Amino acid sequence: GAGVSQTPSNKVTEKGKYVELRCDPISGHTALYWYRQSLGQGPEFLIYFQGTGAADDSGLPNDRFFAVRPEGSVSTLKIQRTERGDSAVYLCASSLSRETGGQEGPDTQYFGPGTRLTVL
Amino acid sequence: ELKVEQNPLFLSMQEGKNYTIYCNYSTTSDRLYWYRQDPGKSLESLFVLLSNGAVKQEGRLMASLDTKARLSTLHITAAVHDLSATYFCAVDYLAGNKLTFGGGTRVLVKP
């Protein structure tokens, strides 16, 4: 079946601008995650949704970052007043809930291809 | 704060030989994952290890978990070029559903 999809694949913006990054999770996955990966590093957690609500947003670096998932499926990560330090690949992942289970483990996270954000 | 460390950071392998990647983490964890990432691509799930002593194998890759030592290993048997990639371990702390990743091990298999 279809995996996690993210749009756009690349986004170039100027410092101070507003950007939105979109994630379409695997159908039926109730949990959705956003991570950020800088060059040569492992992904860093940003926020986790269970259904429509943000269950854990402890990874958001500051109040310029915000994410929504209004209908419990598609999610949008919003970044205001972008800074050069925001440049990174933004990864989205989805999973079944821990209670529901899955083939590879109760809640293995499946990652999308990412959005490469470049702030000039 | 949970810390996850992998070593080595870079591993140059010869085809046909065996190698091990190590993943240490700092606090008690609920589960540990291994992912593979090809250049410019996203992460592909390899293994999830759920309990002490867990061992999983797929092809030339075998992962194990020792929760008492807070250590997981990824063993590569008879390396082949197709295994060239970056390998990440990730820990799910206290079932919080947020993964903390190691810095990755970049593997290059040379003929």
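A straight Cα-to-Cα reach below 13 Å connects A:Lys11 with the aspartates and glutamates A:Glu20, A:Asp86, residues fewer than 8 places away in its own chain not being considered. Charge dipole (Cα centre; +1 on Lys/Arg Cβ, -1 on Asp/Glu Cβ; no other charges) of the protein assembly as shown amounts to roughly 520 debye.
Remark on segment A:4-48: hydrodynamic radius 12.6 angstrom, per the Kirkwood mean of 1/r across alpha carbon pairs. The accessible area of B:Val80, taken with all protein chains in place and a 1.4 Å probe, comes to roughly 40 Å². Here A:Glu20 sits with roughly 90 square angstrom of accessible surface, probe radius 1.4 Å. Label segment B:9-111 by shape, choosing from rounded, prolate and oblate, from the square roots a ≥ b ≥ c of the eigenvalues of the Cα gyration tensor; if a/c is under 1.5 it is rounded, and otherwise prolate applies when a/b is larger than b/c, oblate when it is not. Prolate shape, in that a/c is at least 1.5 and a/b is the bigger ratio. The heavy atoms of B:Thr73 offer some 30 square angstrom of accessible surface to a 1.4 angstrom probe.
Note the count of lysine pairs whose C-alpha atoms are less than 26 angstrom apart in segment B:1-107, limited to pairs 8 or more residues apart or on different chains. Going through segment B:1-107 pair by pair, I get 10. With no solvent and one equal point scatterer per Cα, compute the Debye intensity ratio I(q)/I(0) for the protein assembly as shown at 0.13 Å⁻¹ and report its log10, rounded to two decimals. Result of the Debye calculation: -0.77. Starting from the Cα gyration tensor of chain A, take the square roots of the eigenvalues, sort them a ≥ b ≥ c, and report rounded, prolate or oblate (rounded when a/c is under 1.5, otherwise prolate if a/b is larger than b/c, else oblate). Verdict is prolate for chain A.
A 1.4 Å probe over all protein chains sorts B:His75, A:His29 by accessible area into B:His75, A:His29, starting with the largest.
Annotation: Cα Rg of segment B:57-96 relative to the compact-globule expectation 2.2 N^0.38 Å equals 1.40. Sparse packing (at most 16 other Cβ atoms within 10 Å of the Cβ) combined with a DSSP loop state is found for the following trypsin sites (Lys or Arg not before Pro) in segment A:43-81: A:Arg64, A:Arg81. Each Lys and Arg adds +1 at its Cβ and each Asp and Glu adds -1 at its Cβ; summed about the Cα centre, segment A:5-97 shows a dipole of about 280 debye.
The values are calculated or read from the model by the stated rules, or taken from the named source; none is laboratory data. None of the values given here were measured: they were computed from a predicted structure. Using ideal geometry, Cβ is built from the backbone for each residue, glycine included, and neighbour counts are taken over all protein chains shown. These accessible areas exclude ligands, DNA and RNA; they are computed on the full protein's heavy atoms, side chains included. Shrake-Rupley method; radii C 1.70, N 1.55, O 1.52, S 1.80 Å.
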